[in-house]
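Everything below concerns the one structure shown next.
Any read-out appearing in this document is the output of simple, stated calculations on the displayed coordinates, not a laboratory observation. Source: prediction; values computed, not measured. Cβ coordinates were reconstructed from backbone atoms using ideal geometry, including for glycine residues, and neighbour counts include every protein chain displayed.
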Amino acid sequence: MGRGDAGRGAFGWSLKVPPNRADEIGMPTTPAARSSAAAVDPEVDPDVELVETVDGWLAREEIELLMEHAARVPADQSIVEVGNYRGRSTVALALGARRGACAPVYSIDPHVEFVGPRGGRFGREDQAHLYANLTRTGVGAGVHVVGLDSRAVAASWSGPAIGFAFIDGDHRYTAVRADFEAWQPHFAPGAAIAFDDCDFADVARVVDELLARGAIVAGGGAGKVRWFTLRTTS
């Protein structure tokens with residue numbers, strides 16, 4: 001299924017949009033390195049090991065954090081992911097949801113050709129790997145892949161209220177801020193949101209500004225991922 005097919009199948013849209021891509025931290029972990037790490041740690045959760053077979057940059061503790069939050073989302077709410085690369089975080093969220101109430105996962109990424117602020121190159125090839133990984137790991141039935149820009153999706157959102165969101169799209173300041181503002185109206189009361197790569201200056205700037213204005217409340221974190229609860233207004 002092509003990028004446009006994914007978007008039209010889920011929402012009836014057909015439009016061209018600007019890039020909004022997951023950015024990069026170093027090189028993705030290789031399958032050989034993952035197998036070696038798992039071999040010396042017999043206590044590793046098998047679902048975490050499965051996630052680690054997918055290319056990407058999430059560390060083990062970050063995978064566990066996403067799985068824990070996804071498991072807490074009730075069935076009548078949704079999980080939204082902005083930026084998916086080849087599906088490492090997508091698989092983590094889907095496996096976590098399966099452990100809880102099986103809330104649906106909406107994974108949003110246009111997969112257009114894009115060079116991230118740190119020089120990483122992304123594009124349509126990644127989408128093919130994404131679909132292959134969702135199939136191979138057996139989570140495809142619980143994931144709605146939307147091949148459009150995050151803000152376009154948010155503008156026409158009619159899905160369930162969001163219980164947990166993972167923001168890992170374009171890491172430039174204006175894009176991160178725009179992603180949050182676009183999705184903020186769709187969160188359920190008490191929802192949680194996590195930002196990847198909070199060690200990146202532009203992402204950290206957005207987070208600090210949201211904290212300062214009281215839009216979010218600090219919750220915790222793991223590695224370079226930090227999570228927050230949305231402040232409810234009376």
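Per the conditions (1) within 19 Å of MET67 (Cα to Cα); (2) crowded, with 18+ Cβ neighbours inside 10 Å, the sole criterion not satisfied by GLY190 is (2). Assessment of segment 156-168 against the conditions (of a type in the set (Gly, Ala, Ser), in contact (Cβ under 8 Å) with a residue 24 or more places away in the chain, part of a strand (DSSP E or B) and more than 25 Å from ALA59 (Cβ to Cβ)) yields no matching residue.
The residues in segment 68-108 that are assigned to a loop (DSSP other than H, G, I, E, B) and either within 20 Å of PHE200 (Cα to Cα) or of a type in the set (A, V, I, L, M, F, W, C) (or both) can be counted, and the count is 8.
Considering only segment 117-132, state which residues are assigned to a loop (DSSP other than H, G, I, E, B) and either of a type in the set (A, V, I, L, M) or farther than 20 Å from VAL54 by Cα (or both).
Restricting attention to segment 117-132, the residues satisfying the condition of being assigned to a loop (DSSP other than H, G, I, E, B) are 117-120, 123.
Within segment 117-132, PRO117, ARG118, GLY119 qualify.
The condition of being aliphatic (A, V, I, L, M) and free of Cβ contacts under 8 Å to residues at least 24 places away in the same chain holds for VAL207. Criterion applied to THR135, THR53 was being among the polar types (S, T, N, Q), out of contact with any Leu (no Cβ under 6 Å at 6 or more places or on another chain) and outside any helix (DSSP H, G or I), and the one residue passing it is THR53.
Any residue in segment 215-229 that is in contact with a helix residue (DSSP H, G or I) (Cβ under 6 Å, 6 or more places away or on another chain), of a type in the set (D, E, K, R) and in contact (Cβ under 8 Å) with a residue 24 or more places away in the chain? No, every residue in segment 215-229 fails to be in contact with a helix residue (DSSP H, G or I) (Cβ under 6 Å, 6 or more places away or on another chain), of a type in the set (D, E, K, R) and in contact (Cβ under 8 Å) with a residue 24 or more places away in the chain. When ASP168, ASP149, ASP179 are checked against the criterion of being under 15 Å from the mean Cα position of the chain (by Cα), over 25 Å from GLU68 (Cα atoms) and either surrounded by fewer than 17 Cβ atoms within 10 Å (Cβ to Cβ) or not hydrophobic (A, V, I, L, M, F, W, C) (or both), a single residue qualifies: ASP149.
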